[in-house]
Amino acid sequence: MAANGTLIGEQGYDRAEEVKQFDDSKLGVKGLVDSGLSSIPRIFIHPPEILQQFQPTTRPNAQPIPTIDLSDLHSDRRCSIVDQVSGACRNFGFFQITNHGIPSVVLDRTIAAVKAFHEQPTEVKARFYRREMGLGVSYFSNIDLYTSKAASWRDTLQMRLSPVPAAADDVPEVCRDEIAAWNRQIQRLGEELLGLMSEGLGLPAEKLKEMTCLEGRAMVGNYYPPCPQPDLTVGLTSHSDPGVLTVLLQDHIGGLQVKHDDAWLDVKPVSGALVINVGDLLQIISNEEYKSVDHRVMANPQHEARVAIAVFLNPSNREGVFGPLPELVSSEKPALYREFKFTEFIMRFFKKELNGKSLVNYYKL
Ligand code: OGA
Ligand code: NI
């Protein structure tokens with residue numbers, strides 16, 4: 001106990017109080033950087049064991065995650081594309097796609113709009129600063145600020161896209177039209193991807209869509225400001241995504257890494273490409289044919305901020321029961337997970353800190 005009666009934690013200071021002060025300030029990490037600091041506040045300093053894992057371990061000749069060309073998707077190339085997608089989902093859980101049909105001006109506009117949101121004056125952004133998702137729009141720093149051991153060098157604009165999108169009036173004006181346009185693009189592309197992923201499991205193309213996996217969409221617009229001490233913190237701690245699949249649009253800065261065979265591979269920005277990854281729910285539905293893998297983002301050491309926009313595809317049928325599909329269960333390969341309701345599953349995700357693989361393990365038989 002300190003003299004004033006507050007609890008001093010193992011860090012040797014009242015961390016909870018400093019975390020709350022940062023949250024109440026509504027400054028976000030961007031606001032801290034704008035105030036001109038040259039060292040990072042101690043609530044952002046990660047323990048040495050975590051920082052050590054962030055040291056480069058990428059093998060010099062490690063194979064990169066696959067890049068798949070989606071052109072002529074509905075021609076006789078489809079079989080080969082399905083094979084590539086299926087192989088990438090089984091071996092890496094991550095891949096990039098090119099020639100996906102979204103024009104590069106749309107990619108650039110979407111990035112620019114989310115960047116513009118984060119670069120507005122603090123007073124403007126503060127109106128959106130909240131942790132509740134009731135309105136379908138929120139801006140905050142660190143989704144797990146109150147449950148993690150250390151904060152990360154990142155701010156986020158979060159938005160519900162479907163089945164009930166945030167009301168247009170509640171969406172920040174600087175990015176309103178661009179995000180609406182992005183949502184339409186992802187709806188179309190998401191349907192194609194779910195088709196390829198279903199076929200890659202030997203199922204009819206419509207299977208995942210019929211399970212409503214396209215309809216529960218949410219977006220996060222992550223902003224990684226330049227970090228004055230990138231060796232002491234991280235941009236995003238290691239985690240896997242809970243849903244079915246994630247479509248990520250990243251700018252040219254880089255810093256995203258994916259775990260593969262116990263090493264971390266860089267997901268190098270490819271101009272015009274999108275990054276796709278399998279989520280925990282698809283790993284479970286596919287009875288582990290497809291892998292949901294850990295990924296993380298380094299604290300941004302550059303002078304320019306990094307922007308990355310993720311759209312998460314989840315089932316809209318939240319009361320529905322999910323588990324390994326009977327088609328993928330046999331006496332040779334029994335179900336690896338028990339069944340559960342999606343509502344319960346996603347609640348469990350939001351209650352825990354991001355770090356760690358505990359979600360799928362909880363449902364393992
Ligand atoms: C995420 C994620 C990666 C990035 O939001 O789940 O993994 O580069 N984002 O921001
Ligand atoms: Ni993620």
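Structure values in brief
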quantity	calculated
Charge-dipole axis of segment 10-115 as Lys and Arg at +1 and Asp and Glu at -1 on Cβ define it, positive-most pick from P103, A16, S71	S71
Accessible surface, 1.4 Å probe, highest first, among residues D72, D155	D72, D155
Length gained when the stretch E344-A62 is fully extended (0.36 nm per residue, less Cα-Cα span)	97.7 nm
Segment 237-331 - charge dipole about Cα centre, Lys and Arg +1 at Cβ, Asp and Glu -1, debye rounded to 20	240
At 0.890 mPa s and 25 °C, Stokes diffusion of the chain via Kirkwood alpha-carbon radius, µm² per second	115
Area of K352 that stays accessible when all protein chains are in place (1.4 Å probe, Å², to 10)	40
Set of lysines near K259 by C-alpha distance (under 16 Å), chain-local residues within fewer than 8 positions excluded	K268, K291, K357
Signed unit charges on C-beta, dipole axis of the chain, positive-most listed residue T156, P41, G190	P41
Pair A116, A181: separation of 7 Å Cα→Cβ label points (nm)	1.0
Estimated distance in nm for a label pair at K352 and D266, the labels positioned 7 Å out from Cα along Cα-to-Cβ	3.1
Selected from E288, E319, E215 as most flexible by GNM, with the chain as the system and alpha-carbon contacts under 10 Å	E319
Angle in degrees between helix 176-200 and the longest Cα principal axis of the chain, rounded to the nearest 10	40
Computed lengthening from H74 to V105, 0.36 nm per intervening residue step minus Cα-Cα distance	8.8 nm
The chain, helix-only ellipticity at 222 nm - DSSP H runs n ≥ 4, -39,500 (n - 2.57), divided by all residues, nearest 500	-8500 deg cm²/dmol
Cα-based helix-to-principal-axis angle, 78-91 vs the chain, degrees rounded to 10	50
Helix 15-25 axis, angle to the chain major axis (alpha carbon atoms, nearest 10°)	80
Spatially proximal lysines relative to K125 (Cα-Cα < 22 Å; intrachain offsets below 8 disregarded)	K20, K26, K30, K115
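The values are calculated or read from the model by the stated rules, or taken from the named source; none is laboratory data. Source: prediction; values computed, not measured. Virtual Cβ from ideal backbone geometry, glycine too; neighbours counted across all protein chains shown. These accessible areas exclude ligands, DNA and RNA; they are computed on the full protein's heavy atoms, side chains included. Shrake-Rupley method; radii C 1.70, N 1.55, O 1.52, S 1.80 Å.
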